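Here the structure comes first, spelled out in structure tokens, and everything after it is commentary.
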Amino acid sequence: MSPTIFVVAATGTLGKALALELRKIGWGVHATVRDPSSPAAVELASSGVKLFPGNWDNENVLKEALAGCDGLFLNLMPSFTDWDADVRQGRNIVSIAKAAGVKHAIYSAGADYLAEGIGPDSLVAKFLGNKKLIEAAVRDAGFETYTILRPSSFMANWLAPKVSMYRGLTETGTFTTALRPDTVMVSVDEYDVAAFSIAAFKDPLRFSGQAIPVASQKHTIEELFASISHALGRPLKLKYLSDEEASALAPEDPFIEAQIMTRVMSDHYNMEDVRSWGIPLHTFEEFLEREKASLKETYSRLT
């Protein structure tokens, strides 16, 4: 009998990619959704994902959804109105999953470092601190096996709705950024993270206890923008903030802080190590071709 996986945030970029790929190989997928009528939820249901209406603070819904599941994929984002929500919900999901008999848990944790100049009281530091608390809950829960994945910056960040964090880009075609011209971007296709996750669920002993940086490609921000511009058939522009301007904006803008973090991201990802797992990776150009309809729609307001 095929395993069943509980996928957290299944209507999001990464969760949906994993849920759909699991269904393609015939595995069962359970997920909670706040709105079963949303386009993403309808797509999941059409693929055979079993949806449970509710949220991650509803213990009864979580217990029902996790019943009979063999694996857990945990993927949480912070709430900018309730900074304790992701830790509270993550710990709750982990506890219920363990009690339900889940054997292998995967946590998509992201970065585990702070860049120089990012203070310990910053929003980014709080965000990463919360992730470390959730990671500790996964490690300490007593699952038979667990895996920590650390995806780099998602290629999907350049598409709607995520691209809204890059203010003005889709309206003006210009990205005003704290990145530098020589910043090496480390990008990941959500389907590559899904492939790593499925590999870990299939062979949990090989991936047990591992914390794996997952990336698809390294390229400079200039190269990345050249690829987007080529795919769009029109140029996008980069406007660089000085270090002084970036430092002044960072305390009030977590997205500027994140860009300062991105300046050193490439130091934490060794592509040879990533490839050593033997999982095929996608290039940014392949991603743009696959998502060309979404790309055109995202930048449709440009004149």
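The values are calculated or read from the model by the stated rules, or taken from the named source; none is laboratory data. Since we're looking at a predicted model, the values are computed, not measured. All Cβ positions, even for glycine, are placed from backbone atoms using ideal geometry, and neighbour counts span all protein chains on display.
What the table shows:
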{"quantity": "Residue within the range 271-282 that is of a type outside the set (Gly, Ala, Ser), more than 23 Å from the chain's Cα centre (by Cα), surrounded by fewer than 18 Cβ atoms within 10 Å (Cβ to Cβ) and not in a helix (DSSP H, G or I) present", "calculated": "no"}
{"quantity": "Looking only at the range 94-109, and only at residues there that are hydrophobic (A, V, I, L, M, F, W, C) and touching a helix residue (DSSP H, G or I) at 6+ places or on another chain (Cβ under 6 Å), the one that is nearest to Leu76 (Cα to Cα)", "calculated": "Ala109"}
{"quantity": "Unique match (being over 30 Å from Thr81 (Cα atoms) and assigned to a helix (DSSP H, G or I)) among Ala246, Ala293, Ala250", "calculated": "Ala293"}
{"quantity": "Answer from Phe201, Phe175, Phe196 - the residue that is over 30 Å from Arg139 (Cβ atoms) and either modelled with pLDDT of 95 or more or touching a Leu at 6+ places or on another chain (Cβ under 9 Å) (or both)", "calculated": "Phe175"}
{"quantity": "Some residue of the range 124-143 being under 17 Å from the mean Cα position of the chain (by Cα), crowded, with 17+ Cβ neighbours inside 10 Å, of a type in the set (Asp, Glu) and under 25 Å from Ser294 (Cα atoms)", "calculated": "no"}
{"quantity": "Single match in Lys24, Lys16, Lys50 (criterion: over 20 Å from Lys98 (Cβ atoms) and surrounded by 22 or more Cβ atoms within 10 Å (Cβ to Cβ))", "calculated": "Lys16"}
{"quantity": "Set Ala258, Ala248: member being aliphatic (A, V, I, L, M) and without any contact (Cβ under 8 Å) to a residue 12 or more places away in the chain", "calculated": "Ala248"}
{"quantity": "Residues being of a type in the set (A, V, I, L, M, F, W, C) and out of contact with any helix residue (DSSP H, G or I) (no Cβ under 6 Å at 6 or more places or on another chain) - total across the range 115-137", "calculated": "4"}
{"quantity": "Any chance Val186 is in contact with a strand residue (DSSP E or B) (Cβ under 7 Å, 6 or more places away or on another chain), among the hydrophobic types (A, V, I, L, M, F, W, C) and closer than 30 Å to Leu302 by Cβ", "calculated": "yes"}
{"quantity": "Filter result for Glu252 (within 25 Å of Phe127 (Cβ to Cβ) and surrounded by fewer than 12 Cβ atoms within 10 Å (Cβ to Cβ))", "calculated": "yes"}
{"quantity": "All positions within the range 1-43 that are over 18 Å from Trp56 (Cα atoms) and among the basic types (Lys, Arg)", "calculated": "Arg23, Lys24"}
{"quantity": "Condition check for Ala97: among the small types (Gly, Ala, Ser) and buried (at least 19 other Cβ atoms within 10 Å of the Cβ)", "calculated": "yes"}
{"quantity": "Tabulated pairs, the range 191-203, first under 13 Å from Gly278 (Cα atoms), second surrounded by 24 or more Cβ atoms within 10 Å (Cβ to Cβ) and modelled with pLDDT under 95, C-beta under 7 angstrom, 6+ apart or interchain", "calculated": "none"}
{"quantity": "Selection from the range 82-123 of residues that are within 30 Å of Asn60 (Cα to Cα) and β-branched (Val, Ile, Thr)", "calculated": "Val87, Ile93, Val94, Ile96, Val102, Ile106"}
{"quantity": "Test: residue in the range 60-76 that is within 17 Å of the chain's Cα centre (by Cα), more than 20 Å from Ile198 (Cβ to Cβ), surrounded by fewer than 20 Cβ atoms within 10 Å (Cβ to Cβ) and among the hydrophobic types (A, V, I, L, M, F, W, C)", "calculated": "no"}
{"quantity": "Checking Gly168 against (1) closer than 30 Å to Gly26 by Cα; (2) free of Cβ contacts under 8 Å to residues at least 24 places away in the same chain; (3) not aliphatic (A, V, I, L, M), the condition it does not meet", "calculated": "(1)"}
{"quantity": "Scan of the range 144-162 for residues that are surrounded by fewer than 17 Cβ atoms within 10 Å (Cβ to Cβ) and either farther than 28 Å from Leu72 by Cα or within 15 Å of the chain's Cα centre (by Cα) (or both), ordered by number", "calculated": "Asn157, Ala160, Pro161, Lys162"}
{"quantity": "Residue check for Lys218: at pLDDT 95 or above and over 30 Å from Ala199 (Cβ atoms)", "calculated": "no"}
{"quantity": "Extreme residue, nearest to Tyr191 (Cα to Cα), among residues of the range 214-258 that are polar (S, T, N, Q) and more than 22 Å from the chain's Cα centre (by Cα)", "calculated": "Ser229"}
